[in-house]
Amino acid sequence: MRNYEPGLENILDSDIAYIKGRLTQELQKLSGRKLLFTGGGGFLGYMFLNMLSRLGNKNREENLEITILENFSRGKKSWLNKLLSKPNVKLIEHDISKKLPKELPDFDYIIHAASIASPMYYRKYPIETIDANVGGLRILLDYAKQKHLQNNSIEGMLFFSTSEIYGDPTDNSIPTPETYKGNVSCTGPRACYDESKRLGETLCVNFAHQYNLPITIARPFNNYGPGLDINDKRIIPDIAKNILANKDIVLFSDGLATRTFCYVADAIIGYTKILINGRSGESYNIGTDKPEISMNELAEKLVSIGKEFLDYSGKIVYVKSSDKNYNTDNPQRRCPDLSKARTELKYNPSILLEDGLRKSLLWYKDNYL
């Protein structure tokens with residue numbers, strides 16, 4: 001087995017340094033502010049909150065005060081304990097679909113990331129998924145409206161939508177721009193997620209316009225990397241789990257569907273830029289636009305990395321899923337048009353897929369969440 005390459009010994013620290021180096025002006029605007037982060041115990045919370053909690057640590061007056069709301073529906077992650085040892089981070093166990101706790105302070109920024117994003121789990125918990133994406137969002141929007149009417153205005157609110165609102169785009173809509181209206185089933189097995197995110201966007205746009213609130217929308221395209229639970233049932237952690245166990249990689253499809261994959265550090269840069277610089281009521285694709293690769297190619301890349309760094313000796317096998325709806329309404333292609341984010345936000349993802357996959361596998365090796 002080869003040793004880690006230079007710079008991979010502490011992947012979290014190197015990723016945070018990369019993020020902060022590309023967000024100098026944006027992070028200055030968060031200095032000394034108060035931020036509410038819902039769903040902070042999830043995938044994006046890992047990198048986002050570890051980065052945000054380190055702002056202004058040389059001068060406590062410049063620290064960003066962070067309040068995390070999390071219901072721990074899938075258990076409490078160990079990394080949160082270390083994060084909570086910091087004086088500027090507070091955690092409240094709370095279901096966002098319920099009325100907000102009375103003890104909440106006034107916030108300058110809100111990030112609504114509380115949701116079930118794994119297809120395996122949102123299909124298992126469809127009502128809970130809708131409750132977080134619509135009911136929980138409405139509660140936060142009403143909070144922002146109330147603060148605005150009290151002249152204690154929110155400086156920014158970010159809603160995490162999804163690229164799945166586009167459904168299965170036609171080939172002439174790949175790469176897919178924000179203006180594409182979507183090809184989505186409202187009754188299929190994935191509709192609880194897709195349609196509740198679409199309605200969530202409608203709520204955000206109308207609150208932004210009617211009440212002059214600074215609400216923005218992110219549409220993530222296949223983020224991956226440190227923080228994504230190895231038991232999440234999405235393709236990269238699934239493959240990583242098999243590689244670490246030295247088992248064959250099982251694909252429950254023909255492997256021909258294509259995606260682009262965005263390493264989480266690049267994604268966090270995009271989301272922060274939307275929060276700080278995005279236009280109110282607007283949505284932005286965040287991801288990478290190349291390479292668009294098949295699931296076969298993705299698996300082969302991970303096998304190659306596993307053999308090089310982890311002495312992996314398994315192979316790729318194809319099995320028909322016992323779940324008859326496993327691939328129902330699953331898009332055949334997913335690739336973002338990043339023109340809007342590049343032009344308005346100066347967003348420019350630069351981490352190569354091979355580098356991100358390698359860092360992910362090595363992180364999973366030491367952080368078996």
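Computed over the Cα atoms, what is the radius of gyration of the stretch 284-369 divided by 2.2 N^0.38 Å, N being its residue count?
The reported ratio for this selection is 1.37.
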Based on Cβ point charges of +1 for Lys and Arg and -1 for Asp and Glu, what charge dipole magnitude is obtained for the chain about its Cα centre, in debye rounded to the nearest 20? 480 debye
Ranking request for peptides 28-36, 113-121: highest mean number of other beta-carbon atoms within 10 Å first, then the rest in descending order. 113-121, 28-36
Fraction in percent of alpha-carbon pairs per bin - 10 Å, the stretch 131-261: 10, 31, 31, 19, 7, 1
Rounded to the nearest 10 Å², the accessible area of LYS124 using a 1.4 Å probe with every protein chain kept is 130 Å²
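Viscosity 0.692 mPa s, temperature 37 °C: Stokes-Einstein D of the stretch 196-297 from its Kirkwood Cα radius, in µm² per second?
Translational D for this selection: 208 µm²/s.
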When the chain is modelled as a GNM with alpha-carbon springs shorter than 10 Å, which of PRO101, PRO175, PRO220 fluctuates the most? PRO101
Fully extended contour minus Cα-Cα distance, from ASN183 to LEU199, at 0.36 nm per residue: 4.3 nm
Taking N as the number of residues in the stretch 294-336, what value does Rg over Cα atoms divided by 2.2 N^0.38 Å take? 1.51
Neighbourhood net charge (12 Å Cβ-Cβ; Lys/Arg +1, Asp/Glu -1) for LEU49: +4
Return the inverse of the average 1/r over all pairs of distinct C-alpha atoms in the stretch 38-146, which is the Kirkwood hydrodynamic radius, in Å to one decimal. 14.7 Å
Listed residues LEU149, LEU256, LEU345, most fluctuating in the chain (Gaussian network, C-alpha, under 10 Å): LEU149
Among GLN146, GLN25, GLN210, which one moves the most in a GNM of the chain with springs linking Cα atoms closer than 10 Å? GLN210
Heavy-atom accessible area of HIS148, protein chains in place, probe 1.4 angstrom, given in Å² to nearest 10, is 50 Å²
Viscosity 0.692 mPa s, 37 °C: Kirkwood-radius Stokes-Einstein D of the chain over Cα pairs, µm²/s: 156 µm²/s
With all protein chains present, the chain has a carbon and sulfur share of its accessible area (1.4 Å probe) in percent of 47 percent
At 10 °C and a viscosity of 1.306 mPa s, what translational diffusion coefficient does Stokes-Einstein give for the stretch 242-305, taking Rh as the Kirkwood radius over Cα pairs? Give it in µm²/s as a whole number. 112 µm²/s
Averaged per residue, what accessible surface does the stretch 47-108 expose to a 1.4 Å probe, in Å²? 56 Å²
Separation between Cα centres of the stretch 98-139 and the stretch 236-264, rounded to whole Å: 28 Å
Cα coordinate range in the stretch 193-245, projected on the principal axes (Å, largest first): 53, 21, 14
Per residue, how much accessible area does the stretch 247-369 have with a 1.4 Å probe, in Å²? 43 Å²
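For the stretch 214-369, take the convex hull of the Cα atoms, compute a quarter of its surface area, and give me that in nm², please.
One quarter of the hull surface, i.e. the mean projection, equals 9.6 nm².
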Using a 1.4 Å probe and counting only protein heavy atoms, arrange LEU80, LEU352 so the residue with the most accessible area comes first. LEU352, LEU80
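The values are calculated or read from the model by the stated rules, or taken from the named source; none is laboratory data. As the structure is a computational prediction, the values presented were derived from the model and not from experiment. Positions of Cβ are backbone-derived with ideal geometry, glycine not excepted, and every protein chain shown enters the neighbour counts. Areas reflect the complete protein model, heavy atoms only, side chains present, ligands, DNA and RNA absent. Shrake-Rupley method; radii C 1.70, N 1.55, O 1.52, S 1.80 Å.
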